Amino acid sequence: MRRYHVTTFGCQMNAHDSERIKGMLEELGLGEATDAEAADVLVFNTCTIREKPDTKFAAYLGQAIARKRERPGTVIAVGGCYAEAQRERLFDLYPEVDVAFGPGSIPHLGEWLGAGGFGVARGSFGLDDRAFAGELPMHRERPFQAWVQISMGCNSKCSYCIVPAVRGREISRRPGEVVAEVTRLAADGVREVTLLGQNVNSWGRDLLPDIRTEFGELLRACDAIDGVERIRFTSPHPKDFRAPVIAAMAECDAVCEHAHLPLQSGSTRILKAMRRTYTRERYLRLVDELRAAVPDLALTTDLIVGFPGETEADFRDTLAAVEEVGYDAAFTFVYSPRAGTDAASMEDQIADDVKRDRIERLVEVVQRVAQRCNEARVGRVEEVLVEGPSRTDPALFRGRTRRNTTVNFTGTAEPGELVEVRIEAATSTTLRGAQAVAAAA
């Protein structure tokens, strides 16, 4: 049997896409290789939102090219955002690549691989070929959890972001298609679904005038499906967190008490330069509205340091916002210029040593605040969806709370089971505890 290996870079949307890629390759008759060395087909699902993924991908691709020179029958396929961004010159840069496909053209990968025969003809698919992958076979990492793509592309025009250029304008899946997929997943034993979109809570607006709907309605429709016990969604935009969505979060039993709410900067001046379309004050009002509706809400965020023109005062506004909001976790990034974005040509680019200093100071504050949030959970009993053994101690189980916090715990449990865990200790990133009384299966 010929074998494949998929290497995934970047966001949760890419993780979802890779599950579809794996499912499609297996339908073509390939088996999954445990490592790239044993694979006949090497697929790279790439990210290009920052410089670091580009660099990492180049290193992996260099290794793949070396293997192909030793084994000329090896097929190399490059997908995702980097493939779209470099579409016009990818084959010039890397002549050994056989196939390139953009984020929305996964269904075409099977065509180029020749229904398992690997009569590969060099070619590429991009934005003009976009289609939802919802009907493709799926290879899920865990049988009880699933990603569900509800939209692709983005209509926002953030000055630092390459996503609209590589994923195109926003296209929403029809609500019936989403509900049908979630219903199938529930019948297949999935207990937790995560709805995915580049800007997930603006879903549905482009369906007008044929369909009048919005994201809050979709949450309610998914909540009504028997068997679905947890619903998550990512990534929302603060500007689109409107009253119907907040009400659905508060009223739907399956929707988890967690919102990922990207701030990016705590400075209104920098937010304007980023074209985020909200102010610091508006963001903080939204935080108050969310917590009033969902009192035990966990909030996580994305933060960028070193955006062009960021002063020490602007940076301190970000530190202060982290303290004021009290984030349970944050993804922190050093600003990385992306060719084709407006921010890349802005004046007042920040020196690397200043960026390094600021990211270190930001991480310290984020970790301290997150530690405080997690310590507040000690003594509580949390519902945990068991994912498997702990990554650091096989004697422990690992799972996640409804608030999306990782818990390592002692007990007797099976992956996919919902159990009650009494929290006994906390770090800035995880909780630790002991199993209490099992929840109803």
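Here are the numbers:
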item	result
The range 387-441, residues that are more than 17 Å from GLU192 (Cα to Cα), outside any loop (DSSP other than H, G, I, E, B) and in contact (Cβ under 8 Å) with a residue 40 or more places away in the chain	VAL421, ARG422, ILE423, GLU424, ALA425, ALA426, THR430, LEU431, GLY433, ALA436
Any hit, the range 23-43, residues being surrounded by fewer than 14 Cβ atoms within 10 Å (Cβ to Cβ) and within 28 Å of GLY197 (Cα to Cα)	no
Strands (runs of 3 or more DSSP E) (entirely within the range 142-234) containing at least 1 residues that are of a type in the set (Asp, Glu)	192-196
Some residue of the range 318-340 being surrounded by 15 or more Cβ atoms within 10 Å (Cβ to Cβ), at pLDDT 95 or above, over 23 Å from the mean Cα position of the chain (by Cα) and over 28 Å from THR430 (Cβ atoms)	no
Criterion (at pLDDT 95 or above, assigned by TED's automatic domain parsing to the domain that holds THR332 and either touching a strand residue (DSSP E or B) at 6+ places or on another chain (Cβ under 7 Å) or not β-branched (Val, Ile, Thr) (or both)) met by exactly one of VAL386, VAL363, VAL419	VAL363
The range 367-425 - residue that is within 21 Å of VAL255 (Cα to Cα), within 25 Å of the chain's Cα centre (by Cα) and among the β-branched types (Val, Ile, Thr) and, of those, surrounded by the fewest Cβ atoms within 10 Å (Cβ to Cβ)	THR406
Residues being farther than 30 Å from THR279 by Cβ, free of Cβ contacts under 8 Å to residues at least 40 places away in the same chain and either buried (at least 18 other Cβ atoms within 10 Å of the Cβ) or not β-branched (Val, Ile, Thr) (or both) - total across the range 186-211	2
Criterion: surrounded by fewer than 20 Cβ atoms within 10 Å (Cβ to Cβ) and within 21 Å of the chain's Cα centre (by Cα) - qualifying residue of ASP352, ASP302	ASP302
Filter result for the condition that a residue is surrounded by fewer than 20 Cβ atoms within 10 Å (Cβ to Cβ), modelled with pLDDT of 95 or more and on the phi < 0 side of the Ramachandran plot, over ALA259, ALA250	ALA250
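The values are calculated or read from the model by the stated rules, or taken from the named source; none is laboratory data. In this text, all values refer to a predicted model and were calculated from it rather than measured experimentally. Neighbour counts are summed over all protein chains in view; Cβ atoms, including those assigned to glycine, are modelled from backbone coordinates with ideal geometry.
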